[in-house]
1. With a sphere of radius 14 Å drawn around the Cβ of residue 51, what net charge do the other residues whose Cβ falls strictly inside it have (Lys, Arg +1; Asp, Glu -1)?
2. Using a 10 Å cut-off around each Cβ, can you sort 45, 17, 62 from fewest to most neighbouring Cβ atoms?
Amino acid sequence: MSLRLAVVQHDLEYAGDSAVIDPWGERLTSAASVEALLIVDVAADTVEKTRTEFPVLQDRRDS
């Protein structure tokens, strides 16, 4: 999932329009330009399918 934030940090102002995006680029929910708490339920089978199709954990390196 991806999340965009509206924040001022290190003198940079970000636009906001927070959203939760799934691994396939589909917008699951968004807050537009208002302050909001975004909550998304993710089904266990969706997580399993995503981990099978995008095996990013295999790319992890020990730190």
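Every read-out reported here was derived from the displayed coordinates using simple, explicitly stated rules and does not represent laboratory data. Keep in mind the model is a prediction, meaning the values are calculated, not measured. We place every Cβ from the backbone using ideal geometry, glycine too, and count neighbours over all the protein chains shown.
1. -3
2. 62, 45, 17
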